[in-house]
1. Can you list the residues, at least 5 places off or on another chain, whose amide H is less than 5 Å from the amide H of Ile113, using H built in the peptide plane?
2. Per the Cauchy relation, a quarter of the hull surface: what is the mean projected area of the convex hull of the alpha carbons in the chain, in nm²?
3. If I model a spin label as a point 7 Å beyond the Cα along the Cα-Cβ vector, how far apart are those points for Leu85 and Glu59 in nm?
4. With every protein chain left in place, what is the accessible area per residue of the chain in square angstrom, probe 1.4 Å?
5. Between Asn41 and Thr70, what length comes free when the chain is fully extended (0.36 nm per residue of separation minus the Cα-Cα distance, one decimal in nm)?
6. Among Ile91, Gly106, Phe31, flag the residue with its Cα farthest along the positive direction of the charge dipole of the chain, charges on Cβ as +1 for Lys/Arg and -1 for Asp/Glu.
7. Karplus couplings for the stretch 38-47 from phi (6.51 cos²θ - 1.76 cosθ + 1.60, θ = phi - 60°), rounded to Hz, Gly and Pro as x?
8. Please list, in chain and number order, the residues 5+ apart from Gly24 or on another chain whose amide H is under 5 Å from its amide H, with Hs placed from the backbone.
Amino acid sequence: MGDEISFDGRSLVGVANDEDGEVGADTVFHFEQAGERIYANYSGGDIIDGHLVGTFDGEQWDIRYTQINTDNETATGHSVGDVELLNDGRIRVEDKWEWESKSGTGESIHEEIDQ
């Protein structure tokens with residue numbers, strides 16, 4: 001890998017998601033990174049408040065998330081995503097996720113935005 005990727009201080013949004021997912025274009029993730037550990041707070045769209053923790057090995061993340069939506073339903077899940085650095089220097093994640101607190105699986109794409 002040519003450039004080392006860090007999530008620290010970056011913000012991403014959901015640009016594509018399967019129908020069982022709740023994250024969308026209005027959901028903004030604000031990331032911090034310490035070594036291989038990543039953390040994010042997120043909200044927007046159908047999500048009132050969400051938090052994720054996980055690891056990132058430079059190419060793939062492995063995260064768990066918990067959130068509350070606009071219907072006051074809580075949910076938890078797990079995902080593994082392939083992370084790449086785009087030509088313009090932004091991060092893109094192609095993610096395979098699964099709910100742990102309810103049924104449903106899917107794929108989503110997240111891309112970095114300017115904040």
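1. Ser11, Leu12, Val13
2. Mean shadow area of the hull around the Cα atoms is 6.4 nm².
3. 1.5 nm
4. Details: 6440 Å² over 115 residues.
Roughly 56 Å² per residue, with all protein chains present.
5. Extending this stretch completely gives an extra 8.8 nm.
6. So the residue furthest toward the plus end is Phe31.
7. These are the phi-based 3J(HN,Hα) values: 10, 9, 8, 10, 8, 6, x, x, 7, 9 Hz.
8. Gly14, Asp46
The values are calculated or read from the model by the stated rules, or taken from the named source; none is laboratory data. For clarity, every value in this text was computed on a predicted model and none was experimentally measured. When we count neighbours, we look across all protein chains shown, and the Cβ atoms used for this are built from the backbone with ideal geometry, even at glycine. When the accessible area is computed, the model is the full protein with side chains, heavy atoms only, and any ligands, DNA or RNA have been set aside. Shrake-Rupley method; radii C 1.70, N 1.55, O 1.52, S 1.80 Å.
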